[in-house]
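The structure under discussion appears below in the form of structure tokens.
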Amino acid sequence: MTGRPDQTSAPWRVGVLFSSSGFMAVIEETQLRGTLLAIEEINAAGGVNGREIVPRLYDPASEAAAFGHFAKRLMVEDEVTTIFGCYTSSSRKAVLPVVERLNGLLWYPTLYEGFEFSPNIIYTGAAPNQNSVALCRFLMDHYGPRFYFVGSDYVYPRESNRIMRELLRANGGEVAGEVYLDLRCKRRDFLPVMRDIRESAPDVIFSTVVGDATVDLYQSYADARFDPKLLPIASLTTTEAEIRAMGFDVGEGHVTAAPYFECVSGERNSSFVAGYKKRYGADEPTNMCVEAAYFQVHMFAKALGQTNSMDTDILRPMVLGSTFDAPQGRVSINPGCSHADLWTRIGRANRRGQFEVVHQSVNPVLADPYLIGYGRSVLCP
Ligand code: ACM
């Protein structure tokens, strides 16, 4: 090949790392879709300063180590500096040393356990002060103080449960049981868990199960004939996507805390939902992970339009403190911690696979990933 592309019209190349296969595809495929939808919208409107965004995609197939491997390939061989990707905290932790070493910028659109900061990551999913705190209060008020923890066996569930245990204990609650299952577990693995739940008689099941195993947990619960009105499964990760996969009847009555549900009112969300369904099918619901994947690309493009440079040291300061009118409402990237200030909502699933919002913050909640502003008496009046 001779000559170089015209620098003024060459596309902006970005990396995209979400699983289209394996046990996490049920949710990561939707994050991929949200990312591509935003890129298509930006390109249809003329790109950024007249230049198209072109994604370089890899499928890490739900393997955490593969995220680290592909992040390195993106940065070293594909010469990409910005990466949109990761759902599980283990995949983020595999990418973190790569972007830190090579000075890239990972945009991470997933709720997580908090207690992390990297100058090379922009966190656009909820931190525990934006979901766990309100969920704990809601569950204690409406169902009771004894929680049973069931989680997938990796860093997010164990750390998320550590925080939930502290919140509970500080307010007179207790953990009635705690069990972790392999990410690749099968439906039959939940049978002893259901027996244990019946014996320990908690008021709430707090699930940190992710991916395909979510379907097996809720189906096993339905098979065991528990009643969500009396003993719901509450979660920070069960979205419209997992509910669709398990069946609306199986998901009905269970509770999730999230910054966004498809049902959020307002013109901004209506046009987002309409655009998503037009692109991916009328039966495809949006969810909190799609929404974060979508709005973070728009925030990136807005910053890039101002810097006209993908250099992390130039782009990052423009991202910090920036705001965006997202489908969930106005969001901003908190300059103190590189996490997004987001809305807090609690929803209960209905028989149409949609969440009905039963609690909502009055304003966006400032990100506080280390729970600095939340002493142990956080739930007390
Ligand atoms: C997660 O692993 N951050 C859900």
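With the charge dipole of segment 209-303 set up from +1 on Lys and Arg Cβ and -1 on Asp and Glu Cβ about the Cα centre, the Cα lying farthest toward the positive end among the listed residues Pro259, Tyr221, Met246 is that of Pro259. Modelled this way, with points 7 Å down the Cα-to-C-beta line, the labels at Asn171 and Glu52 are 5.1 nm from one another.
Computed over segment 160-294, the P(r) curve from all C-alpha pair distances, binned at 5 Å from the origin, holds 2, 9, 18, 20, 18, 14, 10, 6, 3, 0 percent per bin.
Taking the DSSP beta bridges with both ends in the chain, the antiparallel portion is around 35 percent. Using the Cβ-Cβ distance between Gln360 and Ser271 with R0 set to 25 Å, the FRET efficiency from 1/(1 + (r/R0)^6) comes to roughly 0.75. Relative to the current alpha-carbon distance between Asn350 and Leu102, full extension at 0.36 nm per residue lengthens the span by 84.7 nm. In straight Cα distance, which aspartates and glutamates are under 17 Å from Lys229, not counting same-chain residues fewer than 8 positions off? Reachable aspartates and glutamates: Asp141, Asp203, Asp249, Glu252, Glu356.
Taking other residues whose beta carbon is less than 13 angstrom from the beta carbon of Gly247, and scoring Lys, Arg as +1 and Asp, Glu as -1, yields -3. Cβ-Cβ distance of Glu199 and Phe248, R₀ of 22 Å, FRET efficiency by 1/(1 + (r/R0)^6): the value works out to about 0.15.
Starting from the Cα coordinates of segment 1-84, work out the convex hull volume and express it per residue in Å³.
Residue-normalised Cα hull volume stands at 98 Å³.
When peptides 296-306, 358-368 are sorted by average Cβ neighbour count within 10 Å, with the highest value leading, the order is 296-306, 358-368. Counting only lysines at least 8 places from Lys93 when in the same chain, those with an alpha carbon closer than 24 Å to its own are Lys72.
Helix 267-280 sits at what angle to the longest principal axis of the chain, using alpha carbons and giving 0 to 90 degrees rounded to 10? That helix lies at roughly 80 degrees to the long axis. In straight-distance terms, cross-link reach from Lys278 covers every one of the lysines whose alpha-carbon lies under 18 Å from its own, apart from those fewer than eight places away in the same chain; here that gives an empty set. Extents of the chain, taken as max minus min of Cα coordinates on every principal axis and listed largest first, are 72, 40, 40 Å. Each Cα pair under 8 Å and six or more residues apart adds its sequence gap; the mean of these over the residue count of segment 72-230 is a relative contact order of 19 percent. The value given for segment 287-351 is a Kirkwood hydrodynamic radius of 12.9 Å, derived from the mean inverse Cα-Cα separation. For the chain, the mean residue ellipticity at 222 nm estimated from helices alone is -12500 deg cm²/dmol, where every DSSP H run of n ≥ 4 contributes -39500 (n - 2.57) and the total is divided by all residues, rounded to the nearest 500. One chain, two ends: Phe117 and Asp141. Fully extended at 0.36 nm per residue, the span grows by 5.4 nm beyond their Cα-Cα distance. Entry note, the chain: relative contact order of 19 percent, from Cα contacts under 8 Å with a spacing of 6+ residues. By the count of other C-beta atoms within 10 Å, a proxy for reagent exposure, Glu166, Glu356 are ordered fewest to most as Glu356, Glu166. Residues considered: Val14, Val76, Val255. Largest GNM mean-square fluctuation over the chain, using C-alpha springs under 10 Å, is found at Val76.
Which shape class applies to segment 19-142: rounded if a/c is under 1.5, otherwise prolate when a/b exceeds b/c and oblate if not, where a ≥ b ≥ c are the square roots of the Cα gyration tensor eigenvalues? Judged from the Cα gyration tensor, segment 19-142 comes out prolate (a/c at least 1.5, a/b above b/c).
Coordinate-derived values only; no laboratory data. Values in this document were obtained by computation on a predicted structure and should not be read as measured data. Positions of Cβ are generated from backbone atoms using ideal geometry, with glycine treated the same way; all protein chains shown enter the neighbour counts.
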